[in-house]
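What follows is one structure encoded as structure tokens, with my remarks underneath.
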Amino acid sequence: MLDPHPTSFLSQRRLENGKDAMVPIKPESPLNLPTQKLSLGCPVLDRLVRGGLPVGSVTELAGESGTGKSQICLQLLLAALRPPSLGGLSAASLYIHSEFPFPLRRLRRLLTPFAPSSVVPTPLDHIFVRPAHSPDDLLSLLTAVDALLARPPSALPVRLLVVDSIAALFRSEFDNTPADLKRRSSLFFKIAAKLKEQARRFEAVVVVTNQVVDVVGGSESYGSSGNAIRVGNYGSLWSSGRRVCPALGLSWANCINTRIFLSRSDDIVRNERALVDEESDDRVHGTVVRTRRKMEMVFAPHLPEASCEFVIVSEGVFGVEAQSEKSETPSPTSQI
Amino acid sequence: MEIANLPISPSHRAKLLSAGYTTFSSLSAVSPSQLARDLNIALQEASDILKVVSDITRSESLHGGNAILKGAQTAWDMLSEEQMQKRITTGCDDLDTILGGGIHCKEVTEVGGVPGIGKTQLGIQLAVNVQIPVEYGGLGGKAVYIDTEGSFMVERAYQVAEGCIMDTLDKFGHHRKVILDCQEQMQPNSFLANIFYFRICSYTEQIAVINYLQKFLAEQKDVKIIIIDSVTFHFRQDFDDLALRTRVLCGMSLKLMELTKTYNLAVVLLNQVTTKFTEGSFQLTLALGDSWSHACTNRVILYWNGNERHAYIDKSPSLRSASAPFSVTSKGIRNATSQCKRVRMM
């Protein structure tokens, strides 16, 4: 039961030996906080996020289906295995999926480019996969994950946690009534608090993926009804020619530290360019449908507004350098 | 204190009262010789009585004038004290203007807004700006940063500290002596070292830390600002009993209010926004409910106005409702880039 006035200045923390203990609360110096980052596996994309995804915080990848969310997640699983000198964490990872069978074949195809046996001997031994079927299932799973993080079964510590996708878990179970929405957002905060606690305690990178919903009723003004409330750097987000916004609403947006938006748009072009997305290489009547993919920084405590185009090829997800003279690196006075 | 309780001999007290000296003020203007004549006592005795009276009057005025309670102050004293206080600048001139010069010490200021509007940025900025040395017109204080969400990024704090140092030196560029005096302080690393960072993972820890601050601040007198980013996060889960949540939150805000007065520091609470279901439609409002809205002295709401970030004074006992644009740059919070339509008073 809740004691609103704890008499001791103690807090529960897990010690190195895996035991829970009460340790006194003490301030830390920011100079001693962990600042490690996990590379996305591509120098261009890494430049967009200034070196990679930070440990100790929760990063969301939002986008409609087929924008490359899971692709990036798979790439992260392998990148995490690499030593810190190559942008990795020398760490194992846990992949919690809710959407489809785990894309094992795709993962195996990425092994050679990202985790060759010369760098990481047995990569697949260090990737733990577990399905989750409902929000409550995820919550109890995360509680059990504490033990996995404290005593990793493999030789490497588990320092990457991927939940793909959080939206799929919440899609079916809740009605659009105030009571259900309240129950839903309370679950968001419970799940997010657990993820953040684990990110902090084990210096782990936490990545969750989210779907998008179409924006209905277009008003952008403050306090407008519906889901058109502006969150982050962009007044509106577009994907496949539709105006969309990340699913799960405002409460969930309060639960994450960083939001990255992935979008796609299909252009019909006559001439094939050098870098063409292989996934959608449909030839219709002599024309080529080229998919332009974009990664946009919606909000992040440490990053300015920025965006970057990328492609998905058989070797993985790669950023495309901006062709024009305006560089991706922001000028000193640019807006965040 | 009255004449009847004056620490002098009882016969003198009786003589004072029978001669008509019933209050302290009646004794304030009288000379020793006149008093000696009125009471029919020796001159030396009369001047002794007056000395006792003036001693007591002086010590009473030191402890708050005509205060009937120890620790109470007159409004006049409070006004002059407040005018002496320095404000913590936000880095944006327009925002400082509507805040009455910046964030006030001895007050609890709540800042709310949608994700990505710049709450954490403002929090980091204040943790840095409070450290601007006195020589440069700052407070030269330290900061306590209570992070409940994990959004405090060291690399960002470093950037903001760098930006703050650069702009402060630019402003005082012509005073070479000051620069030499504070060279050691004016380094990003020493700015970071003066932030006491607490990372909180549950609401019990949050309450425990706020209880602990009482003891901590007694040792760290230099702390001039406490930032909680955000006060909300752990209170939006696990609370089925909303009355209990309200009680816990009220207890917390009373403690913070007390800390601001005892240690003369500012408290800034960052809050999230939520949609509230009223009269059949969803409205944006700050989280934690109606009773929480009484917990803070000032309430500032950050919002998007087109493509520009704006701040709005939603509630304050002394500031008028106003809004001002601001921007978040790589250096931190700064003036909005567009120069037109500056401060708008309402």
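With farther than 28 Å from residue A:246 by Cα, touching a residue at least 40 places away in the same chain (Cβ under 8 Å) and surrounded by 23 or more Cβ atoms within 10 Å (Cβ to Cβ) as the only criterion, which of A:94, A:76, A:89, A:61 stands out?
Criteria check complete, one pass: A:89.
Residue B:166 fails exactly one of the following numbered conditions: (1) more than 22 Å from the chain's Cα centre (by Cα); (2) crowded, with 20+ Cβ neighbours inside 10 Å; (3) in a helix (DSSP H, G or I). What is the number of that condition?
Failed condition: (2).
Among (1) within 20 Å of the chain's Cα centre (by Cα); (2) under 29 Å from residue A:190 (Cα atoms); (3) acidic (Asp, Glu), which single condition is residue B:205 missing?
Status for residue B:205: all satisfied but (1).
Could you tell me whether residue A:145 is over 24 Å from residue A:201 (Cβ atoms), touching a Lys or Arg at 6+ places or on another chain (Cβ under 9 Å) and surrounded by 14 or more Cβ atoms within 10 Å (Cβ to Cβ)?
no
Checking residue B:94 against (1) more than 14 Å from chain A (Cβ to nearest Cβ); (2) under 17 Å from the mean Cα position of the chain (by Cα); (3) closer than 24 Å to residue B:273 by Cβ; (4) in contact (Cβ under 8 Å) with a residue 60 or more places away in the chain: exactly one of these is not met. Which one?
(2)
Which number in (1) out of contact with any Phe, Trp or Tyr (no Cβ under 6 Å at 6 or more places or on another chain); (2) within 11 Å of another protein chain (Cβ to nearest Cβ); (3) not hydrophobic (A, V, I, L, M, F, W, C) marks the one condition that residue B:145 misses?
(1)
How about region B:137-163: which of its residues are charged (D, E, K, R) and under 17 Å from the mean Cα position of the chain (by Cα)?
B:142
Report, by residue number, each residue of region B:201-245 that is among the hydrophobic types (A, V, I, L, M, F, W, C) and closer than 13 Å to residue B:262 by Cβ. Write out each step before concluding.
The initial filter retains those residues of region B:201-245 that are among the hydrophobic types (A, V, I, L, M, F, W, C), namely B:201, B:207-210, B:213, B:216-218, B:223, B:225-228, B:231, B:233, B:235, B:239, B:242-244.
Hits for region B:201-245 are B:213, B:216, B:217, B:218, B:223, B:226.
Identify, from the list B:41, B:56, the residue that is at pLDDT 85 or above and either surrounded by 16 or more Cβ atoms within 10 Å (Cβ to Cβ) or of a type in the set (A, V, I, L, M) (or both). Don't jump to the end; show me each part of the working.
On the way: B:56 fails: at pLDDT 85 or above.
Just one listed residue meets the conditions, B:41.
Within region B:219-253, take every residue that is more than 10 Å from chain A (Cβ to nearest Cβ) and free of Cβ contacts under 8 Å to residues at least 12 places away in the same chain and give me the one that is nearest to residue B:142 (Cα to Cα).
Taking the candidates together, the pick is B:219.
Among the residues of region B:166-182, is any facing chain A (nearest Cβ under 7 Å) and within 29 Å of residue A:303 (Cβ to Cβ)?
Residues of region B:166-182 facing chain A (nearest Cβ under 7 Å): none.
The answer is no; no qualifying residue exists.
Is it true that residue A:145 is under 23 Å from residue A:39 (Cα atoms) and either touching a strand residue (DSSP E or B) at 6+ places or on another chain (Cβ under 7 Å) or at pLDDT below 90 (or both)?
So residue A:145 does not fit the description; no.
Conditions tested, residue by residue: (1) in a strand (DSSP E or B); (2) exposed (fewer than 15 other Cβ atoms within 10 Å of the Cβ).
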residue	(1), (2)
B:289	no, no
B:293	no, no
B:301	yes, no
B:304	yes, no
B:310	yes, no
B:314	yes, no
B:318	no, yes
B:323	yes, no
B:327	yes, no
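When you look at residue B:108, is it over 26 Å from residue B:323 (Cβ atoms) and away from every other protein chain (no Cβ under 14 Å), yes or no?
In short, no.
Where residues in region B:111-142 are at the interface with chain A (Cβ under 9 Å from one of its Cβ atoms) and not in a helix (DSSP H, G or I), which of them is nearest to residue B:291 (Cα to Cα)?
The residue in question is B:114.
Assigned to a loop (DSSP other than H, G, I, E, B) and either buried (at least 18 other Cβ atoms within 10 Å of the Cβ) or modelled with pLDDT of 85 or more (or both): does that describe residue A:200? Reasoning before the result, please.
Values: assigned to a loop (DSSP other than H, G, I, E, B): no; either buried (at least 18 other Cβ atoms within 10 Å of the Cβ) or modelled with pLDDT of 85 or more (or both): yes.
When the stated conditions are applied, residue A:200 does not pass them.
Among the residues of region B:206-218, count how many are in contact (Cβ under 8 Å) with a residue 24 or more places away in the chain and at the interface with chain A (Cβ under 7 Å from one of its Cβ atoms).
Counting residues in region B:206-218 that are in contact (Cβ under 8 Å) with a residue 24 or more places away in the chain and at the interface with chain A (Cβ under 7 Å from one of its Cβ atoms) gives 3.
Is it fair to say residue B:100 is more than 14 Å from the chain's Cα centre (by Cα), assigned to a loop (DSSP other than H, G, I, E, B) and surrounded by fewer than 24 Cβ atoms within 10 Å (Cβ to Cβ)?
no
The values are calculated or read from the model by the stated rules, or taken from the named source; none is laboratory data. Keep in mind it's a predicted model, so treat the numbers as computed, not measured. Please note: Cβ atoms are built from the backbone with ideal geometry, for glycine as well, and neighbour counts cover all protein chains shown.
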